[in-house]
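*Asks:* Below is a structure I'd like to ask you about.
The values are calculated or read from the model by the stated rules, or taken from the named source; none is laboratory data. Being a predicted model, the structure only gives us computed values, none of them experimental. Cβ atoms come from the backbone with ideal geometry, glycine included; neighbour counts cover every protein chain shown.
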């Protein structure tokens with residue numbers, strides 16, 4: 001398989017199809033319209049089904065039905081549309097239905113704007129909908145990773161019978177990068193689902209529900225879900241450490257923000273500052289343990305987000321007070337330059353009187 | 001001894017929780033009889049509502065998938081799109097389908113989703129205790145319309161089924177009632193025709209069933225049955241609203 005240059009939104013769609021997704025239900029919203037547009041054609045080619053629904057509410061509920069019937073199914077949207085889908089996501093979690101939801105975040109609250117942002121971190125990782133539940137949340141930092149995470153999202157959703165979310169932004173959707181796709185999944189090779197609704201032929205009838213009127217029964221269900229979330233927390237933490245070995249300060253950032261940080265680190269390292277990057281890839285489960293371990297060695301962390309401060313709370317929870325946690329945020333859809341982030345790093349680095357080393361050329365590209 | 005009456009196979013042996021005089025039990029039975037008669041119990045998937053019939057999965061012995069309030073039709077759409085050779089029906093009340101679920105229902109009908117909707121219209125939000133429904137009649141009492149519904153203040157009762165007739169993809173829409181043996185027979189015929197339309201891949205079919213709610217109407221069951229004839233059918237007249245199935249023409253040719 002050779003590399004091809006493709007736009008993020010199309011990569012998301014193609015990776016989904018290769019992961020066996022044959023059902024897409026969505027509703028237009030900028031900046032992710034290229035996802036439904038791509039899927040409308042691609043699913044025709046592979047004998048799948050695309051429905052442009054009349055609303056986000058309908059589309060997430062169509063996803064629910066398709067998941068009950070055993071299909072690999074997805075929907076995508078951007079912030080205001082994802083707000084509308086929250087009711088359905090809560091039901092998917094309660095009914096233990098696998099589905100993939102992509103959120104290409106735009107500036108908010110309200111209608112906000114259509115610029116790339118990271119202001120839906122709380123919504124994605126803290127529930128968003130009602131009730132005690134968790135979504136698996138994956139945040140790609142490159143187009144190749146968008147491909148790989150989308151592909152795994154379908155596997156993880158099926159494995160845990162839980163909704164999985166791809167959290168990107170408008171930049172990730174529009175950007176073009178070389179990508180190498182995995183092979184097309186053979187649908188027949190997928191494990192059989194013994195819980196779906198496909199007609200009670202040769203078996204007793206099944207019910208999929210989330211209504212448990214007896215508090216004891218619902219409590220038992222909640223505990224069952226909790227055990228599943230614990231298993232996910234133990235097995236699915238993903239992260240990247242970049243130039244952390246000699247670091248005196250580490251910037252914690254994900255997705256698009258982490259790309260900017262890599263450019264900023266290159267600049268500050270040229271000035272002798274020993275700065276690394278810790279990039280959470282799974283936002284739920286948040287990589288608590290590795291960040292906690294890192295914070296025993298590196299006592300100065302700077303959380304950088306394209307929001308007014310959401311992931312920083314998880315950083316604080318992870319380090320448990322054993323490191324200083326600074327914050328720099330740019331909300332509203334503003335994408336700061338690597339120079340601006342470098343300036344902030346430099347400010348906190350010098351304020352903390354951290355030692356300067358040899359100027360280095362190391363570091364990733366901006 | 002000759003057995004003259006049986007529980008339908010497609011009903012579980014559970015006692016209905018519905019109030020005395022409520023139409024749900026009769027309608028459940030009719031739907032189950034139709035499923036039995038068409039021999040589709042092992043390929044039918046039902047989607048119950050949020051409302052009095054939320055526990056319908058305790059009664060129908062077919063695969064059942066619960067939907068959020070008002071979302072049964074989109075959920076059924078998702079199931080049917082994955083399994084087009086199965087029979088998918090929703091079972092919804094007037095609050096569920098004609099208020100919070102209107103948008104999804106209109107568009108599913110317009111797309112001609114090949115599903116069957118059983119729409120139980122009792123003019124009230126039964127489970128939540130008798131609040132005004134979209135179908136509550138002018139002057140009819142409810143817990144959220146002091147002095148009864150006043151159209152000038154609360155709007156008019158909504159005829160959703162009539163609205164669905166203009167949707168290009170709806171093929172069979174009929175309004176029936178379950179307040180007399182004669183009407184119950186007609187209701188069953190309509191339900192069977194709606195399921196047959198789906199089996200034949202014709203498109204969106206819906207049967208609206210006028211049903212009494214003695215508890216929230218604050219009437220005896222008998223008075224409630226009479227109220228359907230004397231008052232409710234004045235606003236929601238019984239009969240075929242749309243039929244593009246072609247079944248009756250065929251019968252005409254044959255006879």
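Residues checked against (1) surrounded by 21 or more Cβ atoms within 10 Å (Cβ to Cβ); (2) in contact with a helix residue (DSSP H, G or I) (Cβ under 6 Å, 6 or more places away or on another chain); (3) at pLDDT below 95; (4) not in a loop (DSSP other than H, G, I, E, B):
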{"residue": "A:5", "(1), (2), (3), (4)": "no, no, no, yes"}
{"residue": "A:9", "(1), (2), (3), (4)": "yes, yes, no, yes"}
{"residue": "A:12", "(1), (2), (3), (4)": "yes, yes, no, yes"}
{"residue": "A:16", "(1), (2), (3), (4)": "yes, yes, no, yes"}
{"residue": "A:32", "(1), (2), (3), (4)": "yes, yes, no, no"}
{"residue": "A:36", "(1), (2), (3), (4)": "yes, no, no, yes"}
{"residue": "A:60", "(1), (2), (3), (4)": "yes, yes, no, yes"}
{"residue": "A:83", "(1), (2), (3), (4)": "no, no, no, yes"}
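*Asks:* Taking residue A:94, is it within 11 Å of another protein chain (Cβ to nearest Cβ) and modelled with pLDDT of 95 or more?
*Replies:* On the way: within 11 Å of another protein chain (Cβ to nearest Cβ): yes; modelled with pLDDT of 95 or more: yes.
Considered against the rule, which asks whether it is within 11 Å of another protein chain (Cβ to nearest Cβ) and modelled with pLDDT of 95 or more, residue A:94 comes out as yes.
*Asks:* Among the helices (runs of 4 or more DSSP H) contained in the stretch B:156-255, which hold 3 or more residues that are modelled with pLDDT of 95 or more and more than 13 Å from the chain's Cα centre (by Cα)?
*Replies:* Working: elements: B:160-165, B:181-199, B:214-217, B:221-227, B:247-254.
Counting at least 3 such residues, we get B:160-165, B:181-199, B:214-217, B:221-227.
*Asks:* Limited to the stretch B:63-89, what total is found for residues that are over 24 Å from residue B:39 (Cβ atoms) and within 7 Å of chain A (Cβ to nearest Cβ)?
*Replies:* 8
*Asks:* Further question: What pairs come out if I take residues in the stretch A:57-86 that are more than 7 Å from chain B (Cβ to nearest Cβ) and under 18 Å from residue A:121 (Cβ atoms) and pair them with residues that are at pLDDT below 95 and not in a helix (DSSP H, G or I) whose C-beta lies under 6 Å away, six or more apart or interchain?
*Replies:* Between residues of the stretch A:57-86 that are more than 7 Å from chain B (Cβ to nearest Cβ) and under 18 Å from residue A:121 (Cβ atoms) and residues that are at pLDDT below 95 and not in a helix (DSSP H, G or I), the close pairs are A:86/A:128.
*Asks:* So is residue B:114 surrounded by 17 or more Cβ atoms within 10 Å (Cβ to Cβ), modelled with pLDDT of 95 or more and within 23 Å of residue B:50 (Cβ to Cβ) or not? First the steps, then the outcome.
*Replies:* Numbers: surrounded by 17 or more Cβ atoms within 10 Å (Cβ to Cβ): yes; modelled with pLDDT of 95 or more: yes; within 23 Å of residue B:50 (Cβ to Cβ): no.
No; evaluated as a whole, the condition is false for this residue.
*Asks:* Is at least one residue of the stretch A:290-305 under 16 Å from the mean Cα position of the chain (by Cα) and in contact (Cβ under 8 Å) with a residue 40 or more places away in the chain?
*Replies:* Filtering the stretch A:290-305 for residues under 16 Å from the mean Cα position of the chain (by Cα) gives A:305.
Okay, now just the ones that are also in contact (Cβ under 8 Å) with a residue 40 or more places away in the chain, so A:305.
Yes; the residues of the stretch A:290-305 include at least one that is under 16 Å from the mean Cα position of the chain (by Cα) and in contact (Cβ under 8 Å) with a residue 40 or more places away in the chain.
*Asks:* Give the residue that is farthest from the other protein chains (Cβ to nearest Cβ), with candidates limited to residues of the stretch B:12-60 that are surrounded by fewer than 24 Cβ atoms within 10 Å (Cβ to Cβ) and without any contact (Cβ under 8 Å) to a residue 24 or more places away in the chain.
*Replies:* So, considering only residues that are surrounded by fewer than 24 Cβ atoms within 10 Å (Cβ to Cβ) and without any contact (Cβ under 8 Å) to a residue 24 or more places away in the chain, the one farthest from the other protein chains (Cβ to nearest Cβ) is B:25.
*Asks:* Ok, one more. Name the residue, out of A:156, A:209, A:149, A:187, that is under 30 Å from residue B:52 (Cα atoms) and either assigned by TED's automatic domain parsing to the domain that holds residue A:16 or surrounded by fewer than 19 Cβ atoms within 10 Å (Cβ to Cβ) (or both).
*Replies:* Result of the check over A:156, A:209, A:149, A:187: A:209.
*Asks:* Search the stretch A:181-229 for residues being over 19 Å from residue B:66 (Cα atoms) and within 11 Å of another protein chain (Cβ to nearest Cβ), and hand back the single one that is farthest from the chain's Cα centre (by Cα).
*Replies:* Out of the qualifying residues, it is A:202.
*Asks:* Here's something else I'd like to know. Keeping to the stretch A:303-313, report how many residues are in a helix (DSSP H, G or I) and surrounded by 22 or more Cβ atoms within 10 Å (Cβ to Cβ). Talk me through it step by step, then tell me what you get.
*Replies:* Residues of the stretch A:303-313 in a helix (DSSP H, G or I): A:311-313.
Retained after the next criterion (residues that are surrounded by 22 or more Cβ atoms within 10 Å (Cβ to Cβ)): A:311-312.
Count: 2.
The rows are residues; the columns are (1) exposed (fewer than 15 other Cβ atoms within 10 Å of the Cβ); (2) in a strand (DSSP E or B); (3) touching a helix residue (DSSP H, G or I) at 6+ places or on another chain (Cβ under 6 Å).
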{"position": "A:326", "(1), (2), (3)": "no, yes, yes"}
{"position": "A:331", "(1), (2), (3)": "no, no, no"}
{"position": "A:334", "(1), (2), (3)": "yes, no, no"}
{"position": "A:341", "(1), (2), (3)": "no, no, yes"}
{"position": "A:345", "(1), (2), (3)": "no, no, yes"}
{"position": "A:350", "(1), (2), (3)": "yes, no, no"}
{"position": "A:354", "(1), (2), (3)": "no, no, no"}
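*Asks:* Given the condition more than 22 Å from residue A:185 (Cβ to Cβ) and within 14 Å of chain B (Cβ to nearest Cβ), answer yes or no: does some residue in the stretch A:12-25 qualify? It would help to see each step written out before you state the result.
*Replies:* Pass one, the stretch A:12-25, residues more than 22 Å from residue A:185 (Cβ to Cβ): none.
For the stretch A:12-25, residues more than 22 Å from residue A:185 (Cβ to Cβ) and within 14 Å of chain B (Cβ to nearest Cβ): absent.
*Asks:* Regarding residue A:311, is this residue under 19 Å from residue A:140 (Cα atoms) and modelled with pLDDT of 95 or more? Don't jump to the end; show me each part of the working.
*Replies:* Working: under 19 Å from residue A:140 (Cα atoms): yes; modelled with pLDDT of 95 or more: yes.
Against the criterion (under 19 Å from residue A:140 (Cα atoms) and modelled with pLDDT of 95 or more), residue A:311 qualifies.
*Asks:* Here's a follow-up. Filter the stretch A:113-139 down to the residues that are touching a helix residue (DSSP H, G or I) at 6+ places or on another chain (Cβ under 8 Å), within 19 Å of residue A:330 (Cα to Cα) and in a loop (DSSP other than H, G, I, E, B) and list them by number.
*Replies:* Once the filter is applied, which keeps residues that are touching a helix residue (DSSP H, G or I) at 6+ places or on another chain (Cβ under 8 Å), within 19 Å of residue A:330 (Cα to Cα) and in a loop (DSSP other than H, G, I, E, B), the stretch A:113-139 yields A:114, A:115, A:117, A:118, A:119, A:120, A:139.
*Asks:* Related question: Please list, ordered by residue number, the helices (runs of 4 or more DSSP H) wholly in the stretch A:140-244 having 3 or more residues that are closer than 30 Å to residue A:266 by Cα and modelled with pLDDT under 95.
*Replies:* Here the list reads A:170-174.
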